[in-house]
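Below you'll find the structure I mean.
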Amino acid sequence: MIRYKNGEYGIKIMGFNSQSDIRAIRSLPGRKRDPKGLFWTCSLSIESIEVLQKWGYQLHPALIAYIQKHRVNLEDLDQTLIEIPGLGMELFKYQNKGVQFIEKRNGRALLGDEMGLGKTAQALAWLQLHPEKRPVVIVVPASVKLNWLREIKMWLNNGSTEVLNGIRPHPIQTNIVIINYDILTHWVKELIQWKPSVIISDEIHYVKSNKAKRTKAIKKLAKHTKHFIGLSGTPIVNRPIEFYNAIQMIDPTLFPNWLYFTNRYCDPKHNGFGWDRNGASNTEELHYRLTSSIMIRRKKSEVLKDLPAKIYSFLPMELTNRVEYYEAERDFIEFVKIRRGAEAAERASNAQALAEIEGLKQLAVKGKMDQAVGWIRDVLEGGEKLVVFAVHKFVISQLMEEFKNIAVKVDGSVSGPNRQLAVDKFQNEAETRLFVGNIKAAGIGLTLTASSNVAFLELPWTSGELIQAEDRCHRIGQKDTVNVYYLLAENTIEERIATLLDSKRTVLEAILDGRTPEEGSLLMELISNYENR
């Protein structure tokens, strides 16, 4: 290797003997000829090194060492599990291998595991392994900011965390921050001055466009950061162009330049106005180059032996109508205090309590819908199919309006034949990727095994209904672990209902005759819960 005048490294090529050698060298990206004709240089990249080796050139030991440093295969990892002192929870074996991979890559890696396999846990486990690598910037979609905070509290014991909001920067008092892509451009100067050691970029395909402010911001921040971990469940070989920026931030020497990458892997076509580079070509080669260097990707089918039948995740959502919700909640608490003694309450009083609770539930779901829609969109853009259950008509209608071209629904308004038609489309048509169901109407008797992902936007009154709805995907014919997501508005009645349902689920599973707890019992517990505030 040699150093160019501008400080960048390159490759010096000597010993060419024929015109065919020179023609081959001229095909290399960034090639230049020495004015005296004694040697050529080209851009330093793994691609160029491998091509020169293939042509029969003898590699300098520095280039061999460079390849060895930048090439990592799963087979190269230790068979023994890595010890992570102080980790808050236990990793699955394949997740431990993911941490080993990040470590082998010196904290510059792309976690490309399928949705539901715990990319967040693996990234945080590596942070726990290296408490000295602080500060940390975690850049995420707005819909999962609170979930990252929750996960940090579960996994780490060596970091104080702040969620950044708004566009007016202020001094940071913690050593880990979570920030969403939408506001990153306003904070990037402050964050650079903070001198972060690690960047974790969740859903890193968000930075696909060079024109986007968030892309410019994170690329600027990455130049000042030693370690960069990208997370995405979206298959790169389907949309290579979306990942070029990510690849460059993780390892800028993997491919020579943008033009080479897009010509080789994006199937460029001229459409009469310019070049369309949104296709995919040489996908097997691209997959090999990535998985033998910066990326680790596992599918559910590959790690199924490590996984339970179902994995539950609670995703906290922020309210956009928090003031309105809290006013209504205060009114409900006052109502509960006035009618003390819930067990002796009359039926009419129970009906009034149900009406008050119904109002709180509707305010909670309305306030979280923007974030919930964003989360659903991320899942679908990742190529996954998804089943979403709700209760209210306005929730189902909004989802169908948002995703009408790729969604079907089953609620009380859908007749028997049309119910089966909706199921068949979801099960058999690749373009139909979202099933929206009312918990009562669609939670029984349907088979939805085309998806292994179930999300609840609203909760029923009994754990029995919840389990039955989950099992639309967890049926005979389902080969994958089912991931069950609860999208709950933070610090609202939804979290209280979820806690009560969770305790009743344990009871329900222990009852041999399968008798479901009565609705009234949950109501009484919920009222008592508010009485104690």
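The values are calculated or read from the model by the stated rules, or taken from the named source; none is laboratory data. As the structure is a computational prediction, the values presented were derived from the model and not from experiment. Cβ sites come from the backbone with ideal geometry, for glycine too, and all protein chains shown count toward neighbours.
Could you run through the stretch 362-400 and say how many residues are surrounded by 19 or more Cβ atoms within 10 Å (Cβ to Cβ), under 24 Å from E490 (Cβ atoms) and charged (D, E, K, R)?
Matching residues across the stretch 362-400 total 3.
Right, here's the next one. From the list V163, V198, V136, V140, exactly one residue is over 26 Å from P252 (Cα atoms) and either touching a strand residue (DSSP E or B) at 6+ places or on another chain (Cβ under 8 Å) or not assigned by TED's automatic domain parsing to the domain that holds I247 (or both). Which is it? If you could, list the steps in order and put the result at the bottom.
Numbers: V198 fails: over 26 Å from P252 (Cα atoms); V136 fails: over 26 Å from P252 (Cα atoms); V140 fails: over 26 Å from P252 (Cα atoms).
Being over 26 Å from P252 (Cα atoms) and either touching a strand residue (DSSP E or B) at 6+ places or on another chain (Cβ under 8 Å) or not assigned by TED's automatic domain parsing to the domain that holds I247 (or both) holds for just one of V163, V198, V136, V140, which is V163.
Right, something else. Where in the stretch 1-114 are the helices (runs of 4 or more DSSP H), entirely inside, with at least 3 residues that are without any contact (Cβ under 8 Å) to a residue 24 or more places away in the chain and of a type in the set (A, V, I, L, M, F, W, C)?
Details: elements: 19-26, 46-54, 61-70, 93-104.
Correct list: 61-70.
Continuing with this model, one more query. Only residues in the stretch 208-231 that are part of a loop (DSSP other than H, G, I, E, B) count as the first member; pair them with residues that are surrounded by fewer than 21 Cβ atoms within 10 Å (Cβ to Cβ), Cβ under 6 angstrom, at least 6 apart or cross-chain, and list the lot.
The qualifying pairs are K208/E242; S209/T215; H224/I192; K226/S197.
Kindly indicate which of E242, E190 is in contact with a Pro (Cβ under 7 Å, 6 or more places away or on another chain) and in a helix (DSSP H, G or I).
Numbers: E242 fails: in contact with a Pro (Cβ under 7 Å, 6 or more places away or on another chain).
Exactly one residue qualifies, and that residue is E190.
Within the stretch 164-171, is there a residue that is of a type outside the set (F, W, Y), farther than 30 Å from E114 by Cβ and surrounded by 15 or more Cβ atoms within 10 Å (Cβ to Cβ)?
Our first condition is that a residue be of a type outside the set (F, W, Y); within the stretch 164-171, this holds for 164-171.
If we keep only those that are farther than 30 Å from E114 by Cβ too, we end up with 165-171.
With surrounded by 15 or more Cβ atoms within 10 Å (Cβ to Cβ) added as a condition, the list becomes 169.
Yes.
Of the conditions (1) touching a Cys at 6+ places or on another chain (Cβ under 8 Å); (2) closer than 30 Å to G159 by Cα; (3) charged (D, E, K, R), K32 clears all except one; give me its number.
Just one mismatch for K32, condition (2).
With the condition kept exactly as written, say whether any residue in the stretch 66-78 is of a type outside the set (D, E) and farther than 23 Å from S293 by Cβ. Spell out the reasoning first.
Looking only at the stretch 66-78, we keep the residues that are of a type outside the set (D, E), and these are 66-74, 77.
Retained after the next criterion (residues that are farther than 23 Å from S293 by Cβ): none.
For the stretch 66-78, residues of a type outside the set (D, E) and farther than 23 Å from S293 by Cβ: absent.
Hey, can you tell me all the residues within the stretch 127-175 that are in a helix (DSSP H, G or I), without any contact (Cβ under 8 Å) to a residue 40 or more places away in the chain and polar (S, T, N, Q)?
Those that are in a helix (DSSP H, G or I), without any contact (Cβ under 8 Å) to a residue 40 or more places away in the chain and polar (S, T, N, Q): none in the stretch 127-175.
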